[in-house]
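**Q** Take a look at the following structure, please.
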Amino acid sequence: MPQRLLDQILADPSGQSWAVLLREGRAEAEVIVGEVVDLELLRDLPRPLTGAPVLALVPYRQITERGFDAHDDGTPLRVLRPTDATAYRTIPVADLVAALPTATVAVTDERFSVSDEDYEATVARVIEEEIGNGEGANFVIRRDVVARTDADPATAALTWLRTLLTDERGAYWTFAVHTPGHTLVGATPERHVSVRDGRVWMNPISGTFRHPQDPGPEGAVLRESFASFIRDTKETEELFMVVDEEMKMMAQICSDGGRITGPSLKQMAHLTHTEYLLDGSSESDVRDVLRATMFAPTVTGSPMENACTVIQRHEPDGRGYYSGVLALLDLDEEGGERLDAPILIRTAHVDDAGTITVSAGATLVRHSDPRSEGAETSAKARGVLAALGLRPRRELGYDVQLALLPGVAEDLAARNETLSPFWLAPQESRPDPLLAGRRVLVVDAEDTWTQMLAHMVRHVGMAAEVRRWEGVSPADVVDPAWDLVLCGPGPGDPTDLSDPRIARLRDLLAARLDAGLPLLAVCLSHQVLAAMAGLEIAKLDRPNQGVQIPVDLWGTVRRIGFYNTFVARPPAPGTQVSVAGRPLEVAVHAPHDAVVGLRGPGLATIQGHAESVLSRDGLVALHGLLSHAVHG
């Protein structure tokens, strides 16, 4: 029966809709033949039948469901649904490979959609205009390799799938999917999100080590280059940044906020990545999980909402399915829905006209070099073409398990020594009797750090509610029912009162201060309040994006994660600082000439992110700020 379903596809590849999937850790591939339905919203994804899973192709433009910006290129949210239980089967990989076509697929007219020079100019603009002006910590800007084939797209995808199954290794999913007008084939290393038995997993991957062609005498070149990669500060910080961004999502959908395990290695045929695994418990519907996690920061950037705006500003057109997900929904033995969704990277898209598109992006951070970032997109995109067999593959001539090299396990484990133990361990609630039961209004200023803050606030026994800044008025924040108002972080220039969000934050802070009620302000809100207190706001020459800094908070040194471009400058020696009649104590980090905290009667602020996974002392620091703001 499984072979007959595959034979049905092979007999007429382009005349029907189908998918062939090999998922990590499985000895058998899955084959689906069915009907296609295009939907508007993720909530409309149909419930799968017993023994007949549903496969959704989720395009990048679907992120507009969250209210985020995206070019509308018309790529459909498409569902492939088996007509009945007999239209889904599993087949041993060896049998699948033996049956797939082997004829060469000719490809011509290969070119980049954006030239090296233009892409490097875009990178430079993003670093200067976006990261340099506080719009975010990192952004992923993509370009495409475009080519043509005269072969039938469905047959070409099956041919390339065979090459991936025989030559690639370490992929999370290896797949080919054919529907009218859209054919996808690839081997993606990265799980986006999975849901099973009331648990959610996310799997952020960042950092890429290209295996050297020649390992050197007794593997010396390989060992030295890999050791350098594992210890590289830029690679490590980039992984921490995407973990932080995905933990924001986990804190929103998981009742326990989520826990981090790792890091570990994702070794493929010619590349190796570093990764963490995030997991937590959730009672959310799988569609809500999928919607809340659109899309991975590894392919967009952070903060997520502003990253989407930056992508729309600097990419000339839509992304199609690139950086979206495939999403397989099926049922467990009790009839509960499960979800498995890999990120659509390392993937070729073929349309009915034979146009092949392979997209690749580079993660741009404060210290990115435009030329090297352009080279990275070129290597990634052309690496996909090589993996598909469309260009000569590198023959390494060796097979080494990098995780087993001397010192690698120790170097990976050492990364966690500076991280927040709060997010690395099971999070049992530990209420503070002096804070328990107090109500906290958390104002989200377009950065879901507030979800992590709210989770930590609940951990100490307080009751937190998160609201977007547009939905909070000055009348709301002076309601005495709120024992504390916590104004959160966000992107942008804290002095730009033409920005409605900055103007609203200032109004909310002023109203709460004038009412004499307890207030805590974090990062952007700290900067806005510092400006209200008469402190100069300046832009750092080198932004602090995703770095851990030991800072003295009123006599106690705390290691805190920082994501900021702007700072408040310290007052002149001997100058008393106050706001709304409240005298303030100032905590200063001398190396950056920056105010990292303010406190006064019923008021506390912090420049850094105590909620970040980078904040080794985050929980104790936040607890102290909460206690001071509430009790004075």
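The values are calculated or read from the model by the stated rules, or taken from the named source; none is laboratory data. Treat the numbers as computed from the prediction; the structure is a model and nothing was measured. Glycine also receives a Cβ, built like all others from the backbone with ideal geometry; neighbour counts cover every protein chain displayed.
**Q** When only residues in the stretch 105-127 that are among the small types (Gly, Ala, Ser) and more than 30 Å from residue 150 (Cβ to Cβ) count, which is surrounded by the most Cβ atoms within 10 Å (Cβ to Cβ)?
**A** 124
**Q** Residue 541 fails exactly one of the following numbered conditions: (1) surrounded by 23 or more Cβ atoms within 10 Å (Cβ to Cβ); (2) not in a helix (DSSP H, G or I). What is the number of that condition?
**A** So the condition that residue 541 fails would be (1).
Here is a yes/no grid of residues against (1) part of a helix (DSSP H, G or I); (2) modelled with pLDDT of 95 or more; (3) among the aliphatic types (A, V, I, L, M):
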{"position": "457", "(1), (2), (3)": "yes, yes, yes"}
{"position": "461", "(1), (2), (3)": "no, yes, no"}
{"position": "476", "(1), (2), (3)": "yes, yes, no"}
{"position": "479", "(1), (2), (3)": "no, yes, no"}
{"position": "491", "(1), (2), (3)": "no, no, no"}
{"position": "495", "(1), (2), (3)": "no, yes, no"}
{"position": "506", "(1), (2), (3)": "yes, yes, no"}
{"position": "512", "(1), (2), (3)": "yes, yes, no"}
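**Q** Going through 334, 315 one at a time, which residue ends up being more than 14 Å from the chain's Cα centre (by Cα), surrounded by fewer than 24 Cβ atoms within 10 Å (Cβ to Cβ) and free of Cβ contacts under 8 Å to residues at least 40 places away in the same chain?
**A** From the options 334, 315, the qualifying one is 334.
**Q** Sticking with this one: For the stretch 197-222, enumerate the residues that are of a type in the set (Val, Ile, Thr) and not in a strand (DSSP E or B).
**A** Selection gives 221 alone.
**Q** Take the residues of the stretch 555-589 that are farther than 18 Å from residue 495 by Cα and among the charged types (D, E, K, R): which is modelled with the lowest pLDDT?
**A** Residue satisfying both the conditions and the ranking: 582.
**Q** Taking residue 520 as the residue in question, decide whether it is part of a strand (DSSP E or B) and touching a helix residue (DSSP H, G or I) at 6+ places or on another chain (Cβ under 8 Å).
**A** So residue 520 passes the test.
Per-residue answers, yes or no, for (1) hydrophobic (A, V, I, L, M, F, W, C); (2) assigned to a strand (DSSP E or B):
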| position | (1), (2) |
| --- | --- |
| 348 | yes, yes |
| 353 | yes, no |
| 363 | no, yes |
| 373 | no, no |
| 380 | no, no |
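**Q** Take the conditions within 27 Å of the chain's Cα centre (by Cα) and either not aromatic (Phe, Trp, Tyr) or not assigned by TED's automatic domain parsing to the domain that holds residue 574 (or both) and apply them to residue 492. Does it pass?
**A** So residue 492 fits the description; yes.
**Q** Next question, about the same structure. Here are some conditions: (1) out of contact with any helix residue (DSSP H, G or I) (no Cβ under 6 Å at 6 or more places or on another chain); (2) closer than 16 Å to residue 251 by Cβ. Residue 493 meets all but one. Which one does it not meet?
**A** (2)
**Q** Hey, another quick one. Could you check the stretch 223-234 and list, in sequence order, the residues that are part of a helix (DSSP H, G or I) and either of a type in the set (Ser, Thr, Tyr) or within 17 Å of residue 266 (Cβ to Cβ) (or both)?
**A** Scanning the stretch 223-234 gives 225, 226, 228, 229, 230, 233.
**Q** Looking at the stretch 546-582, which of its residues are part of a loop (DSSP other than H, G, I, E, B) and among the hydrophobic types (A, V, I, L, M, F, W, C)?
**A** The answer is 554, 572, 580.
**Q** If you take the residues in the stretch 156-196 that are in a loop (DSSP other than H, G, I, E, B) and farther than 19 Å from residue 28 by Cβ, which one is nearest to the chain's Cα centre (by Cα)?
**A** Looking at the filtered set, the residue picked out is 190.
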